Amino acid sequence: MKLDLSDQALIYMQIAQMLEDDILRGAYREDEQVPSTNELARAYNINPATAAKGINLLVADGILYKRRGIGMFVAAGAGEAIRSKRREAFAEKYVTPLLQEGAALGLSRDDIIEMIRSKGESENG
C-alpha cells in the first residue's frame, strides 16, 4: 500500500482508493479482513479518524462491511462494484468531454471511434 501525503487529494480519499486498488489487484479477497483504522494510522502516520473516514466511504459504497468486534472485511462482489464505479467515473471524466469536443469539431461518433482504433493500433503495434 502506498499513500502520497503530498498529493492534493484528500488523505481519506487516498486511503479509500488505495484499498480499492488493493482489492482490484487481489491483495484482499472477498470476506478477507483489511487493515484496521489504527493499523492504517500507524502505517501512514495519520489520525485514526482520517483512516476511518476513508474506510467509511468504502462501507457506504458496499465495498467493505464490518464484523462487530473483529474488523472490516471485503464484501462479496466488491471487485465488480469498484470496476463499475470506476467505469462510470471514467466515462464522465474522459468519454463525455471527448464526445463534446468531437461534436464541436464536427466529428461523428464513428469518426471518433475510428480515431481511437487507429491510435490504439499505432500504440500497440
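Please treat every number below as a calculation from the coordinates, not as lab data. These figures come from a predicted structure and were not determined experimentally. We place every Cβ from the backbone using ideal geometry, glycine too, and count neighbours over all the protein chains shown.
What base-10 log of the normalised intensity I(q)/I(0) is obtained for the chain from the Debye formula, alpha carbons as equal point scatterers, at q = 0.12, 0.15, 0.21, 0.22 Å⁻¹? After summing over all Cα pairs, the log10 values are -0.60, -0.77, -1.12, -1.20. Across the chain, Cα pairs under 8 Å and at least six residues apart give a relative contact order of 21 percent. Between Gln17, Gln33, Gln100, where does the largest GNM mean-square fluctuation fall for the chain, given springs only between Cα atoms within less than 10 Å? Comparing Gln17, Gln33, Gln100 in the GNM, the peak value goes to Gln100. Taking each DSSP H run with n ≥ 4 as -39500 (n - 2.57) and averaging over every residue of the chain yields -18000 deg cm²/dmol at 222 nm. Taking 20 Å as the cut-off, the amide N atoms of segment 76-95 that come nearer than this to a point 7 Å along the Cα-to-beta-carbon line of Glu39 belong to 76-79.
A convex hull fitted to the Cα coordinates of segment 79-124 yields 86 cubic angstrom per residue. Distance between the modelled labels on Arg109 and Asp31, one decimal in nanometres: 4.2 nm (7 Å Cα→Cβ projection). GNM on the chain, alpha-carbon springs under 10 angstrom: the most fluctuating residue among Lys85, Lys93, Lys53 is Lys93. What the Cβ-Cβ distance of Glu80 and Met13 gives, at R0 = 25 Å and to the nearest 0.05, is a FRET efficiency of 0.75. Total lysine pairs in the chain at Cα distances under 20 Å, for residues eight or more apart or on different chains: 5.
Under a Gaussian network description of the chain, with springs only between Cα atoms under 10 Å, the residue in Ile70, Ile15, Ile112 that fluctuates furthest is Ile112.
Hey, how much of the P(r) for segment 11-76 falls beyond 17 Å, as a percent of Cα pairs? I get 31 percent for the Cα pairs in segment 11-76 exceeding 17 Å.
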